[in-house]
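This report concerns only the one structure given below.
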Amino acid sequence: MKQLLLRVPEDIHRRLAARAQDEVEQAALALVRRHALRVMDAWHLAVASIVVPPLLQAGEQRAFASRDEPQRAVARELGFVAI
């Protein structure tokens, strides 16, 4: 994990580190309530929706990998390409 963080540009790292855990939990709770997802599936999507956009290059699609079809459906609704 530490090596992965070293590869993230410093400005993005600071923005990601500054995200409050409350923000992730609130987003996950909203997904659970709206889509009846399992908690950890919702948490995974909430984190992805916060972390992925700043890492994308111009024109790059947002991808989300999951084997769980309900989670994949919500990922597509959130603008991800489910793979």
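Points worth noting:
- Added length on full extension, which subtracts the Cα-Cα distance from 0.36 nm per residue, I50 to R62: 3.2 nm
- Across segment 27-43, rounded Karplus estimates of 3J(HN,Hα) from the backbone phi angles (6.51 cos²θ - 1.76 cosθ + 1.60, θ = phi - 60°) give 5, 5, 4, 4, 5, 4, 5, 7, 10, 6, 7, 5, 4, 5, 5, 5, 4 Hz, Gly and Pro being marked x.
Read the figures in this text as sums done on the coordinates, not as results from a lab. In this text the structure is predicted, and so the values were computed from the model without any measurement.
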